[in-house]
Amino acid sequence: MPVSCPHLFPAFGLALLFHGLAGAATLSVTVNDAAGRPLPDAVVMLEPVSGRLPVKPMTAVEVRQSARQFSPAVTVVTVGTPVNFPNHDTVRHHVYSFSPAKTFELKLYAGVPAAPVVFDKPGVAVLGCNIHDQMAAWIVVVDTPHFARTAAGPAQLAGIPPGPYRLKAWHPALPADMAPQATMVTLGTEDQSATMRLATRVTP
Amino acid sequence: MNRSEPLMQTLKGMTRRSLGVRIVLLFLGLLLAVQAVSFIAIRATIDRNARTSIAGSLVAGDHLLHRLLDQNAQKLIQGASLLAADYGFRSALASHDNDTIASVLANHGDRIGATVSALLDTGFALRAAAQPGLEELQPAIFRLAERAASAKPASEIVVLGRRPFQLVLVPMRAPVVVGWVLMGFPIDRPLMDDMRDLSSLHVSLQVRDHAKGEWRTAVSTLPPEAVPALEAHVADMPLQLPDGEYSSRQVTLSQGSTGEVTALLMRSVDEAVAPYRRLQLGLAALTLLGVIVFAVGSVLTARRVTTPIRRLAAAAERLGAGDYTTPLSGRHRADEVGELAQSFERMRMNIADQQQEILKLAYWDTLTGLPNRVRFRNAVTEATEAARTAGRSVAVVMLDLDRFKHVNDVLGYRFGDLMLKGVAERLVQQAVRGGDLVARLDGDEFAVLLADLDPANDQALAQAVAQRINQAMDRSLTLEDQAVDISASIGVALWPHHAADTDTLLSRAEVAMYSAKRHRDGPTLYDAKLDASSSQTLSLLTELRHAVDHGELRLYLQPKLGLDTARVVGAEALMRWQHPQRGLVPPMEFIPFAEQTGFVRVLTMWVFEQAAREWKRLHDNGLQLTLSVNLSTRDLLDQELPQKFEALLIRHTVPAEAFCLEITESAIMDDPERALGTLERLNGLGFRLSIDDFGTGYSSLAYLKRLPVDELKIDKSFVLSMERDLDDARIVRSTIDLAHGLGLTVVAEGVENAQAWELLRALHCDEAQGFHMSRPLPADEFLRWSMLWTARHAQPALPAGSGSDITVTLH
């Protein structure tokens, strides 16, 4: 089944707002689902079209397992960030990921695993528990310092120097084997806002 | 008695459309009508039920098929789900090694018996397959995917390689949906057989490649030879297969782009109706049994009803035929028929009693207890018939009491009855031989039957019996301290000497009896001469009529002279018959006969008319005479005699006083009351009346006193012997004195000589008649004789000579 290409709505286009020459601008991004409704918990990121910006691995990131759920469900980390998977449940878990971004498994364990898992490639890793099918979590590994998440409102990407960027958006509702949606934006000094529409599965 | 006879009678009765056959037909008819109605109703219900049941089973089959397919799908889904959840499989998937993935799919498909197994990506594109050629399934997969949008398993039936397949699509999660596992089974014979086992329906899966293509049978529970008929079947028409009619239901299982799948559910109508048919057969058998039971029952009932009725009918027939002796059977039943039989029985006994009573009344005399005339007549008939065969003879002795009316009148009817009883007793006890039948025929008439007589001496024997009866009657009967003299007139007749049949025999005996009564000469044997109805008397009667009509009769007059003056004072009118062949017939030869037959009345009228005519002539010749005319018993009993005489008086213009009517004592005594009535009327007309033959009868002085008579005529037997017999002379004298004492004129008959004349004159007798004066003279001569006599006896003198030669000698 061909998946429709994500695109920007022409009506909204890119409204780039400039605030002074030397200053950085803020890009606020609204992510909508296939039905046009704003999606919370969507992850947006900006990557410069040319080259890459240096990123620092994050520290003390953990995805806990409690009440047979991963928490948080969606975690955004920079490349090279080690993530710990402390098990707060009384039962053991078998955490795995078959995602190309990071394939691993933590065989049945209790408490905190001996070593954290380092996510060294950008992409989305879907985590599951082999013995609790209902458990699912996503770790979005970004290779840029500019990323944000939507909440009740748009995601705010602040302090972005002007220039052309690849704006990417991702949401757990996207099919597992689909890469984040990307679009090109050019930022000036003015604040801008952008809207992305994701080909999510329409779920109630 | 044959045991089967009642049944035969019943059957015979049936063929007559009797009550019995009507009962049987009614019962059977009603039963058959009810059975026919229920049979039709049941048949209709069965048909409806069968159709409903078939339709119901087809609907149920529809549900069952879907359920079975669903179960299959679930099984498949479970298998596929297991595969999709397999960690190793998921690991292999992560390896992106398509060959490995394909081998895993093949391996797993084999485990659960799937012939199709493939892996699809999240966009439902084929990623790996265990079998080649699954590309054609792609449209079906997308359709399945639409239904699997909520990441749930889905199933679908598709046509693959012209065979129906059941496909399932199961999501594969790691843990989110990372792909889909597709598995498929062919829908095959085992499933159909399951259907057949569970529902007793036949199932055929029909496939066609596209909407307008030819249906083809993919799999069927029907035998192969039925398949062509199935494929030729047009929807909505009754399905006709080689083994009968089927009801069918078409269930569309799939209408995909690769082809359509339809399940045809079929139910054999015959099979569905079979249990009902058995039920119907059972009902038919029950009906047959019921008919037989009803037939037997109603025949028995009809017999129970009709047999006693027939018995009653037979009894009624017997009663009608006069058999009152056979008692009725079946009287002890407690039902209505029993009551009827009892009523019949009472009727029978009542009729029998009445019959006996009637017989008694019919054949027995209630007063004397003797057989009556009818019984006697029957006995005579029987006796003559018995005698006819045995060559014997029969005699009847008949007797009639003399003067019984007189006894009745004087002493009363009660006494008369006692007398009859006494006579009956005496007859039975003393007079007859043992075995002779004594009967009371009528009033004072009795008869005795002497049967089985020897023809050689039958007359003598009969006369002996008659004589004995006569003697028995001679002795006086003592009744209530009163001695009554009885006597009877007895007649005897014999069969076959005097009569050929019973009635004739009886009437001949009666004739003999009346003759005896008339002549007072004891038991009389029948003789044809006695008999008014014999051929001899019949011819005499004819001749006598002829004599009257042709003037063969002559009037004779015998003069009556006054004893004191010797003058002719009158004459007695007498009759002579101048027979053309026999000459002058004496009165004794025809008068009794005329009296017996009643013809005497004609003669009396003739004499009276002639006397009237003669009187006129004499009167015209100057003679004032009284003419006497004799009246017989028959005349006295003739109520119209006075009118007839009066009419003649008027016609001939003669006075009644010119005639003296002479009546014998016995004529009066036969029926004194009626005689007296006639006499009084005659007296009223002015006729003089005279008692003739006085002294011979039994007339009492009491009667004499009551009778309106003017004259007594002393019987000539006294006068004739008066000169020799002193007693007779005394009687004559007494009679004359008696008559004078009663104020009557006395006439003496039979004066044949002068001594008698003188004697009578001395006794003061008033008139005399006799040969001494004159014989009876023809009327013409009488006038001459009278003239001459008168001329000679101008003075009172004694007539001295006989007048026959008209010579008168004077003393």
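Taken together, the values in this text are just the output of simple stated rules run on the coordinates, not laboratory data. What you see is a predicted model, and the numbers here were worked out from it, not measured in a lab. Using ideal geometry, Cβ is built from the backbone for each residue, glycine included, and neighbour counts are taken over all protein chains shown.
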## Note on the structure
Expected sort for B:LYS716, B:LYS529, B:LYS616 with the fewest Cβ neighbours (10 Å cutoff) up front is B:LYS529, B:LYS616, B:LYS716
### Query
What list of ³J(HN,Hα) couplings, whole Hz, do you get for the range B:216-228 from phi and the Karplus terms 6.51, -1.76, 1.60, once you set θ to phi - 60° and write x for glycine and proline?
10, 7, 7, 8, 8, 8, 6, x, x, 5, 7, 4, x
## Note on the structure
B:ARG706 and B:LEU361 label points (each 7 Å along its Cα→Cβ direction) are spaced in nm at 3.5
## Note on the structure
Per residue of B:120-127, other chain Cβ atoms within 10 Å number on average 3
#### Entry: Helix B:641-651 axis, angle to chain B major axis (alpha carbon atoms, nearest 10°)
60
#### Entry: Where labels lie 7 Å past Cα in the beta-carbon direction, separation of B:ARG147 and B:ALA500 in nm
13.2
### Message
Applying a 10 Å radius around every beta-carbon, put B:559-572, B:104-117, B:637-650 in order of their mean neighbour count, most first.
### Response
B:559-572, B:104-117, B:637-650
### Message
Relative contact order of chain B, please, whole-number percent, based on alpha carbon pairs below 8 angstrom and at least 6 residues apart.
### Response
7
### Query
Helix B:5-15: angle to the longest alpha-carbon principal axis of chain B, degrees 0 to 90, nearest 10?
80
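Counting only other chains, what is the mean number of Cβ atoms within 10 angstrom of the Cβ of each residue in peptide A:136-144?
On the way: counts 4, 1, 1, 0, 0, 0, 0, 0, 0.
Mean inter-chain Cβ contacts per residue within 10 Å come to 1.
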### Among beta bridges that DSSP assigns inside chain B, antiparallel share in %, nearest 5
80
### Task
Just need the relative contact order of chain A here, percent rounded to a whole number, with Cα pairs under 8 Å and 6+ apart.
36
### Query
Can you put B:ARG377, B:ARG331 in order, fewest other beta carbons within 10 Å first?
B:ARG331, B:ARG377
### Task
At 0.36 nm per residue, minus the direct Cα-Cα distance, what do B:VAL410 and B:ALA284 gain on full extension? Give it in nm, one decimal, please.
35.5 nm
### Calculated FRET efficiency for the pair B:GLU317/B:GLU646, C-beta based, R₀ 56 Å, to 0.05
0.30
### Task
Would you mind telling me which residue in A:LEU157, A:LEU108, A:LEU187 has the biggest mean-square fluctuation in a Gaussian network model of chain A, where springs connect alpha carbons within a distance under 10 angstrom?
A:LEU108
### Query
Pulled fully out, how much extra length does the chain show between B:ARG582 and B:GLU336, if you take 0.36 nm times their separation in residues and subtract their Cα-Cα distance?
80.0 nm
### Task
Working from Cα positions, state the angle (0 to 90°, nearest 10) between the long axis of helix B:413-426 and the longest principal axis of chain B.
90
### Task
Grab the DSSP H runs of chain B that are 4 residues or longer, score each as -39,500 (n - 2.57), total them, divide by all residues and round the 222 nm result to the nearest 500 deg cm²/dmol.
-17000 deg cm²/dmol
### Message
Based only on other Cβ atoms within 10 Å, what is the fewest-to-most ordering of B:MET419, B:MET513?
### Response
B:MET419, B:MET513
### Message
Once you place label points 7 Å from the Cα toward the Cβ at B:ALA94 and B:HIS66, how far apart are they in nm?
### Response
4.3
### Task
Quote the FRET efficiency, to the nearest 0.05, computed for B:ILE351 versus B:ARG545 with a Förster distance R0 of 56 Å and r equal to the Cβ-Cβ distance.
0.55
### Task
Only Cα pairs under 8 Å and at least 6 apart count here; give the relative contact order of the range B:16-296 as a rounded whole percent.
20
### Task
Please tell me which of these pairs span more than 31 angstrom C-alpha to C-alpha: B:LYS529/B:LYS560; B:LYS405/B:LYS616; A:LYS56/A:LYS168; B:LYS405/B:LYS560; B:LYS421/B:LYS529; B:LYS421/B:LYS713?
B:LYS529/B:LYS560; B:LYS405/B:LYS616; B:LYS405/B:LYS560; B:LYS421/B:LYS529; B:LYS421/B:LYS713
### Task
Starting from the amide H of A:VAL112, placed 1.01 Å from N in the peptide plane, find each other amide H under 5 Å away whose residue is 5 or more places distant or on another chain.
A:ASN87
### Task
Quick one: what are the phi-derived ³J(HN,Hα) couplings along the range B:583-591, Karplus 6.51/-1.76/1.60 with θ = phi - 60°, whole Hz, x for glycine and proline?
x, 7, 8, x, x, 4, 8, 10, 5
### Task
Sort B:461-468, A:115-122, B:322-329 for me by packing, meaning the mean count of neighbouring Cβ atoms within 10 Å per residue, highest on top.
B:461-468, A:115-122, B:322-329
### Query
Between B:ILE486 and residues 5 or more places away or on another chain, which pairs have amide H atoms under 5 Å apart, with H built 1.01 Å from N, and which residues are they?
B:LEU477
## Note on the structure
Interchain or sequence-distant (5+) residues whose placed amide H lies within less than 5 Å of the amide H of B:VAL569 are B:LYS560, B:LEU561, B:GLY562
### Task
For B:GLN482 and B:ASP270, compute 0.36 nm times the residue count separating them, minus their Cα-Cα distance, and round to one decimal in nm.
64.4 nm
